[in-house]
Amino acid sequence: MSALPWHREALSKLAGRRDHLPHALLVSGRTGIGKAAFAREFAKSLLCESPREGLACDACASCNWFEQGNHPDYREVLPEAAEEGDDDAPAEGSKEKKSLVIKIGQVRALGDLVSLSTHRAGFRVIVIRPAEALQIAAANALLKTLEEPPPSTVIVLVSDRPARLLATIRSRCQAVTLRVPPRDVALAWLAAEGAGEPEVSLALAGGAPLLARDLAAPEEREWRRRVVGELSRPDGAHALAFATGFDRAQLDRTVLWMQTWVHDLVRVKTAGEPRHHRDCVPALKQKARRARLEALLALDRDLVEARRLVAHPLNARLVAEHLMMAYNRATLG
């Protein structure tokens, strides 16, 4: 693991303050810019025995333990359902869906960890992500830890939506806000990653490189083609047929494409240029001519709410039908 290029400067400055660090950090920023990677690399640099310019050396025993996933002074707390790539689907053959929240037992279990001395008489780092997944009881248990911080321990909360955290938790953390990297840096990284159509993918992702890399995958491009094809129909989306057989993962991506499409329609409707679907300008202009601006803004609010609830148990088919029907009402005049 190595630091993402657009994070290196911030990591170096932050880890360079290792003798004067706060006991808790709140790392936030938009989805797809590498907040979790930032938190892990920061933890690794704090635990490193021979840091170089604030960054991990990648050669000492501590770095080797970290890379192997068994560093005794590092703990990552996340929902049971969260896996690499944010795959929240239950395992095949599983009879029960895994938890989408961080439970109080997970937070209380940290008490056993922080009651012990650190393994190498250095730092201990705990990363909690996404912090907004904390159940209220778990959040209150964490608050007690933040109010009486254990020695030599740094707690890093990672969040897409910090406003959803308890104000008392936010007030006890130093804010670290990560930004979207410069376009040329993001494009160079995507090219090195072998992402197809990097410029299109980066525009679709609003400049967020990790999200752009995901959206560049062949299956993602195919799903976008299907959704945009439906949204582009002159006679309106065929809501019932389109939503047949929908699952949660399809709904999540469909809502993303609808949000970005509606944002572009609003921009075109108000004499602007599309930001996301730049390869679909003729279709956007055609749909924008009949669309009602007030209805598009109302639909955008519905899509924001749908995106917020998409991780919870719901009928994906019915939600997709509802959103497509609302889209038709907004764009057919």
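Here the spin labels are modelled as points 7 Å beyond Cα on the Cα-Cβ line, and at ARG30 and GLN174 they lie 2.7 nm apart. Between ALA241 and ALA192, residue separation times 0.36 nm minus the direct Cα-Cα distance comes to 13.7 nm.
Coupling constants for segment 121-127 follow from the phi torsions by the Karplus curve (6.51 cos²θ - 1.76 cosθ + 1.60, θ = phi - 60°), and in residue order they are 6, x, 7, 10, 10, 10, 10 Hz; glycine and proline get x. Alpha carbon centre of segment 103-139 versus segment 260-300: separation in Å? Answer, in whole Å: 45.
Going 7 Å from the Cα of ARG275 in the Cα-to-Cβ direction, what parts of segment 12-30 have a backbone nitrogen less than 13 Å from that spot? Within reach of a label on ARG275: 30. DSSP finds beta bridges in the chain, and of those with both partners inside it, around 5 percent are antiparallel. Classify the chain as rounded, prolate or oblate from the Cα gyration tensor: take a ≥ b ≥ c as the square roots of its eigenvalues, call it rounded if a/c is under 1.5, otherwise prolate when a/b beats b/c and oblate if not. Because a/c hits 1.5 or more and a/b exceeds b/c, the chain counts as prolate.
Helix 293-309 versus the longest principal axis of the chain: what is the Cα-based angle in degrees, 0 to 90, to the nearest 10? With rounding to tens, the tilt is 40 degrees. Sorting VAL200, VAL156 by the number of Cβ atoms found within 10 Å of their own Cβ, with the fewest placed first, yields VAL200, VAL156.
Between GLU199 and LYS13, the contour length at 0.36 nm per residue exceeds the Cα-Cα span by 63.9 nm. If R0 is 45 Å, the Cβ-Cβ spacing of ALA295 and ASP58 corresponds to a FRET efficiency of close to 0.25. Helix 248-269 and the long axis of the chain differ in direction by around 60°, with both axes built from C-alpha atoms. Near LEU134, the amide H atoms lying under 5 Å from its own belong to ILE102; only residues 5 or more places off or on other chains count, and H is placed 1.01 Å from N. What's the angle, to the nearest 10 degrees (0 to 90), between helix 316-331's Cα axis and the longest principal axis of the chain? Between helix and principal axis, roughly 50 degrees.
For segment 5-177, what class follows from the C-alpha gyration tensor (a ≥ b ≥ c being the square roots of its eigenvalues): rounded when a/c is under 1.5, otherwise prolate if a/b is larger than b/c, else oblate?
Working: a/c = 1.42, a/b = 1.31, b/c = 1.08.
Since a/c stays below 1.5, the shape of segment 5-177 is classed as rounded.
When THR270, THR260, THR31, THR177 are arranged by Cβ crowding within 10 Å, least crowded first, meaning fewest neighbours, the order is THR270, THR177, THR31, THR260.
Here the translational diffusion coefficient of segment 241-310 follows from Stokes-Einstein with Rh set to the Kirkwood radius across Cα pairs; for 10 °C and 1.306 mPa s it amounts to 124 µm²/s.
Using a cut-off of 30 Å between Cα atoms, the listed pairs LYS13/LYS103; LYS35/LYS287; LYS44/LYS144; LYS35/LYS285 include LYS13/LYS103; LYS35/LYS287; LYS35/LYS285 as exceeding that distance. Distance from a point 7 Å along Cα→Cβ of MET325 to each backbone N in segment 228-257: keep the residues under 15 Å and list them by number. Within reach of a label on MET325: 237-244.
What relative contact order, as a whole-number percentage, does the chain give when Cα pairs under 8 Å and 6 or more residues apart are counted?
The value is 17 percent.
Order these by the 10 Å Cβ neighbour count, fewest first: GLU222, GLU230, GLU49.
Starting with the residue having the fewest Cβ neighbours, the order is GLU222, GLU49, GLU230.
Based on every Cα atom in segment 172-222, Rg and the maximum pairwise Cα distance Dmax equal 12.6, 44 Å. Around the amide H of THR153, modelled in the peptide plane, lie the amide H atoms of ARG124, all under 5 Å away and 5 or more residues distant in sequence or on another chain. Across segment 55-68, computed HN-Hα scalar couplings (Karplus, 6.51 cos²θ - 1.76 cosθ + 1.60, θ = phi - 60°) run 9, 5, 7, 6, 10, 6, 4, 4, 5, 5, 4, 4, 5, 7 Hz from first to last residue, x flagging Gly and Pro.
We did not get these values from a lab; they are worked out from the coordinates using the rules stated. Note that the structure is a prediction, hence the values are computed from the model and not measured. Here the Cβ is made from the backbone with ideal geometry for all residues, glycine too, and neighbour counts use every protein chain on show.
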